[in-house]
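A.B. asks: Sending over a structure as structure tokens; questions will come in a sec.
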Amino acid sequence: MTGRQERPPALVLVGAGIAALFFLLPLAGLLLRAPWAEAPADLAAPDSLLALRLSLVASFSATALSVAFGVPLAWVLARFDFPGRNLLRALVTLPMVLPPVVGGVALLLAFGRRGLLGPVLAAVGIHLPFTTAGAVLAETLVAMPFLVITVEAGLRALDSRYEEAARTLGAGRWYLFRRVTLPLLAPSLFAGGVLCWARALGEFGATITFAGNFPGTTQTLPLAVYLELETRPEAAIMLSLVLLAVSLAVLVGLRHRWLGA
Amino acid sequence: MIRADVGLRLGTLDLQVELEVGDDEVVAVLGPNGAGKTTLLRALAGLLPLDRGRVELDGRLLEDVALGIRVAPERRGCGVVFQDYLLFPHLSALENVAFGLRSRGADRRGALAAAAEWLRRFGLEGFEESRPAALSGGQAQRVALARAMAPDPKLLLLDEPLSALDASTRAQVRRDLVRHLSAFRGTRVLVTHDPLEAAALAGRLLVVEQGRLVQSGTPAEVTARPRSRYVADLVGVNLLRGHASGGTVVLSGGGSVAVADPLEGEVFAVIHPRAVALHRRHPEGTPRNVWRGEAASLESLGDRARVRVEGPFPLVAEVTAASVAELKLAAGGPVWASVKATEVSVYPA
């Protein structure tokens, strides 16, 4: 594009300005009302550090699980035609629109002590509810759909003739996937991974319902924020800022590097 | 050499083509868009399964529907140059050429060294690290050719190898392509809709229309005796078909043509547009063929013009610009077209 840009119509400008303010004000509230003096003490508190560590561990675990199982699922949805495909796709995206609390209740009914699979898992010594593994599972449920739909769209947009060209050059399935499909899919996979991770980091409803709120094992940062808000609001603000900083750093930094904005 | 009997349906296309190509020739499959050329090529490469038939390359059975045998494309040993090259956008030119060597298990260092040698042979020294997006059309074409040839395939398939290039580079790339094709030891088949490209690159043409092989032969043979409307239009002659008997060809679509050839039976008759004379009144003299028609359309070719005459059958006449003015052909209206019997060439259908 060369030459001068056209000025947007006034009505559009007003609308866009209000929307921008709407996003800016809460952020300003957090930053202005933060008790910066007590910040070091609040952040260094064992509970805060535990929650931060758990949040990072759980969100990255959930992302890893989502990649491990979500990519094959996206593959099947994008590349194979079978009866019930649309139903399966709707099912996969359901957690995106479902209130997370409902997801947590559903997880309890599936993996809880008296749930569908609970007794079977208990028999082999696996207890998911109210454990860190449970928190990871809850985050995976709500976050994986973001990865699946992004990767599926990426697979659909991928020109499969490159894969044909690779086959005529002697590439077997695995070599083809590693050297052609995966690199061509990388931007979608990365974008999906970031979205998935961000959603997992912020997850609250399903986690607190299915995994509870135990410091060190299931109390992630969002849960800690909620808890502290009742007793020590200043600490809640600082923890919120930590969440904000981590999210922003990852989203802005990596998106620009990988997707070239 | 390749021996193939290809039968497959794809959408509205019903492809049924038999071909045999030796290693001492370059064969071009020529046909209009949608004739099934690319489908044929993809079937030979194994990218489309046959519904019927078999493919045999250098005596090795690649596919036989009746026997239930089908060798996967990655095991066929076919090099393919795709229409828009399909160079891997995330790999450098060098890695693109090395791809087929490494996929067959060559070690990285050896494959890259061999690929560098291929790039040098194709005049692409200094472009080793270039991504495909940074290459010109001609360079990308050479990388694609080097990539297809590097793994030493038995069969080289080229799909419209010059169509992605602009006219200014096409002639040069075509010369290079002729050279590289002649250096290739193996079977060479290319597909094109451009008769000039076909004649420049190949010694034998296979004309395919609507999924069927309609004619084969050297470019000279094919153009001298067109066997389809498509080829006749490419050459720019009037092609008629009918039954010859006693010096007259009765056309299947109505009308008849007097000929000098004593051939009998089903024939093609070709009339060059320059052999057709136009008149506003019934011509005097001896021409054996005179038809009455309407001057339907006029196409100017500088000092000459092509006039389409709708008579007992459609006929194109090529006349001088002077006669167009003299006969006021631009206005259309009734005309008489005459052709000497000796100007009609006839050959068996």
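A.B. asks: Pick from segment A:60-94 the residues that are polar (S, T, N, Q) and modelled with pLDDT of 95 or more: which of them is surrounded by the fewest Cβ atoms within 10 Å (Cβ to Cβ)? Steps first, answer last, please.
C.D. replies: Going through segment A:60-94, the residues polar (S, T, N, Q) turn out to be A:61, A:63, A:66, A:86, A:93.
With the extra rule that they be modelled with pLDDT of 95 or more, the set shrinks to A:61, A:63, A:66.
Values: A:Ser61: 18, A:Thr63: 28, A:Ser66: 28.
The extreme case among them is A:Ser61.
A.B. asks: Another question, if that's okay. Which condition number does A:Ala186 fail, the rest of (1) of a type in the set (A, V, I, L, M); (2) buried (at least 16 other Cβ atoms within 10 Å of the Cβ); (3) part of a helix (DSSP H, G or I) being met?
C.D. replies: For A:Ala186, the exception is condition (2).
A.B. asks: In segment B:64-78, which residue that is surrounded by 14 or more Cβ atoms within 10 Å (Cβ to Cβ) and over 25 Å from B:Ala144 (Cβ atoms) is nearest to the other protein chains (Cβ to nearest Cβ)?
C.D. replies: B:Arg70
A.B. asks: Quick check: is even one residue across segment A:244-259 of a type in the set (Lys, Arg), within 17 Å of the chain's Cα centre (by Cα) and either within 14 Å of chain B (Cβ to nearest Cβ) or surrounded by fewer than 21 Cβ atoms within 10 Å (Cβ to Cβ) (or both)? Before you say what the answer is, go through the steps one by one.
C.D. replies: In the first step, residues of segment A:244-259 are kept if they are of a type in the set (Lys, Arg); the result is A:255, A:257.
Filter once more, keeping what is within 17 Å of the chain's Cα centre (by Cα): A:255.
Now restrict to residues that are either within 14 Å of chain B (Cβ to nearest Cβ) or surrounded by fewer than 21 Cβ atoms within 10 Å (Cβ to Cβ) (or both): A:255.
Within segment A:244-259 (the criterion being of a type in the set (Lys, Arg), within 17 Å of the chain's Cα centre (by Cα) and either within 14 Å of chain B (Cβ to nearest Cβ) or surrounded by fewer than 21 Cβ atoms within 10 Å (Cβ to Cβ) (or both)), the answer is yes, since at least one residue qualifies.
A.B. asks: Looking only at residues that are within 10 Å of chain B (Cβ to nearest Cβ) and of a type in the set (A, V, I, L, M, F, W, C) in segment A:167-181, which one is surrounded by the most Cβ atoms within 10 Å (Cβ to Cβ)?
C.D. replies: A:Leu169
A.B. asks: Whether any residue in segment B:320-341 is surrounded by fewer than 17 Cβ atoms within 10 Å (Cβ to Cβ), free of Cβ contacts under 8 Å to residues at least 40 places away in the same chain and β-branched (Val, Ile, Thr) is what I want to check.
C.D. replies: Yes: segment B:320-341 contains one or more residues that are surrounded by fewer than 17 Cβ atoms within 10 Å (Cβ to Cβ), free of Cβ contacts under 8 Å to residues at least 40 places away in the same chain and β-branched (Val, Ile, Thr).
A.B. asks: In segment B:1-12, is there at least one residue being of a type in the set (A, V, I, L, M), within 23 Å of B:Pro226 (Cα to Cα) and either in contact with a Gly (Cβ under 9 Å, 6 or more places away or on another chain) or crowded, with 19+ Cβ neighbours inside 10 Å (or both)? Full working, then the answer.
C.D. replies: Here is the first cut: in segment B:1-12, the residues of a type in the set (A, V, I, L, M) are B:1-2, B:4, B:6, B:8, B:10.
From what's left, within 23 Å of B:Pro226 (Cα to Cα): none.
So far as segment B:1-12 goes, no, none of its residues is of a type in the set (A, V, I, L, M), within 23 Å of B:Pro226 (Cα to Cα) and either in contact with a Gly (Cβ under 9 Å, 6 or more places away or on another chain) or crowded, with 19+ Cβ neighbours inside 10 Å (or both).
Matching residues to (1) within 14 Å of another protein chain (Cβ to nearest Cβ); (2) at pLDDT 90 or above; (3) out of contact with any Ser or Thr (no Cβ under 9 Å at 6 or more places or on another chain); (4) within 26 Å of B:Arg108 (Cα to Cα):
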| position | (1), (2), (3), (4) |
| --- | --- |
| B:Ser136 | no, yes, no, no |
| B:Ala140 | yes, yes, yes, yes |
| B:Val143 | yes, yes, no, yes |
| B:Met149 | yes, yes, yes, yes |
| B:Pro153 | yes, yes, no, yes |
| B:Val173 | no, no, yes, no |
| B:Asp176 | no, no, yes, no |
| B:Ser182 | no, yes, yes, no |
| B:Leu190 | no, yes, yes, no |
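A.B. asks: Something else about it: In segment A:45-87, how many are closer than 13 Å to A:Val151 by Cα and touching a residue at least 24 places away in the same chain (Cβ under 8 Å)? Quick ask: steps written out before the conclusion?
C.D. replies: Filtering segment A:45-87 for residues closer than 13 Å to A:Val151 by Cα gives A:66-79.
In the following step, the residues that additionally are touching a residue at least 24 places away in the same chain (Cβ under 8 Å) were identified as A:66-67, A:69-71, A:73-75, A:77-79.
So the answer is 11.
A.B. asks: Sticking with this structure for a sec: Identify all residues within segment B:79-93 that are buried (at least 24 other Cβ atoms within 10 Å of the Cβ), aromatic (Phe, Trp, Tyr) and over 18 Å from B:Pro153 (Cα atoms); write none if there are none.
C.D. replies: Those that are buried (at least 24 other Cβ atoms within 10 Å of the Cβ), aromatic (Phe, Trp, Tyr) and over 18 Å from B:Pro153 (Cα atoms): none in segment B:79-93.
Residue-by-condition table, conditions (1) surrounded by fewer than 23 Cβ atoms within 10 Å (Cβ to Cβ); (2) over 30 Å from B:Pro32 (Cα atoms):
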{"position": "B:Glu95", "(1), (2)": "yes, yes"}
{"position": "B:Ala111", "(1), (2)": "no, yes"}
{"position": "B:Trp118", "(1), (2)": "yes, yes"}
{"position": "B:Leu135", "(1), (2)": "yes, no"}
{"position": "B:Leu158", "(1), (2)": "no, no"}
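A.B. asks: Something else about it: Please determine whether any residue of segment B:280-296 is surrounded by 15 or more Cβ atoms within 10 Å (Cβ to Cβ) and within 28 Å of the chain's Cα centre (by Cα).
C.D. replies: No, that holds for no residue.
A.B. asks: Would you mind stating whether B:Arg274 is in a loop (DSSP other than H, G, I, E, B) and either surrounded by 15 or more Cβ atoms within 10 Å (Cβ to Cβ) or within 27 Å of the chain's Cα centre (by Cα) (or both)? Don't jump to the end; show me each part of the working.
C.D. replies: Numbers: in a loop (DSSP other than H, G, I, E, B): no; either surrounded by 15 or more Cβ atoms within 10 Å (Cβ to Cβ) or within 27 Å of the chain's Cα centre (by Cα) (or both): yes.
So B:Arg274 does not fit the description; no.
A.B. asks: Within segment B:172-195, count every residue that is of a type outside the set (D, E, K, R), over 19 Å from B:Arg229 (Cβ atoms) and in a helix (DSSP H, G or I).
C.D. replies: Of all residues in segment B:172-195, those of a type outside the set (D, E, K, R) come to B:172-173, B:177-178, B:180-184, B:186-187, B:189-193, B:195.
Applying the additional criterion that residues be over 19 Å from B:Arg229 (Cβ atoms) yields B:172-173, B:177-178, B:180-184, B:186-187, B:189-191.
The next check asks that each one be in a helix (DSSP H, G or I); those that pass are B:172-173, B:177-178, B:180-183.
Within segment B:172-195, residues that are of a type outside the set (D, E, K, R), over 19 Å from B:Arg229 (Cβ atoms) and in a helix (DSSP H, G or I) number 8.
A.B. asks: Taking the stated definitions as given, is B:Arg142 out of contact with any strand residue (DSSP E or B) (no Cβ under 6 Å at 6 or more places or on another chain) and without any contact (Cβ under 8 Å) to a residue 12 or more places away in the chain?
C.D. replies: On the way: out of contact with any strand residue (DSSP E or B) (no Cβ under 6 Å at 6 or more places or on another chain): yes; without any contact (Cβ under 8 Å) to a residue 12 or more places away in the chain: no.
Judged against the criteria, B:Arg142 is not a match.
A.B. asks: From B:Arg120, B:Arg104, which residue is more than 9 Å from chain A (Cβ to nearest Cβ) and either over 29 Å from the mean Cα position of the chain (by Cα) or at pLDDT below 95 (or both)? Give the derivation first.
C.D. replies: Working: B:Arg104 fails: more than 9 Å from chain A (Cβ to nearest Cβ).
Result: B:Arg120 is the single residue among B:Arg120, B:Arg104 that is more than 9 Å from chain A (Cβ to nearest Cβ) and either over 29 Å from the mean Cα position of the chain (by Cα) or at pLDDT below 95 (or both).
A.B. asks: I've got another one for you. So B:Thr38 passes all but one of these: (1) away from chain A (no Cβ under 14 Å); (2) modelled with pLDDT under 95. Which condition number does it fail?
C.D. replies: All conditions are met except number (1).
A.B. asks: Among the residues of segment A:146-166, what is the count of those that are within 14 Å of chain B (Cβ to nearest Cβ) and buried (at least 23 other Cβ atoms within 10 Å of the Cβ)?
C.D. replies: Count: 2.
The values are calculated or read from the model by the stated rules, or taken from the named source; none is laboratory data. Computed from a predicted model, the values in this text were never measured in an experiment. We place every Cβ from the backbone using ideal geometry, glycine too, and count neighbours over all the protein chains shown.
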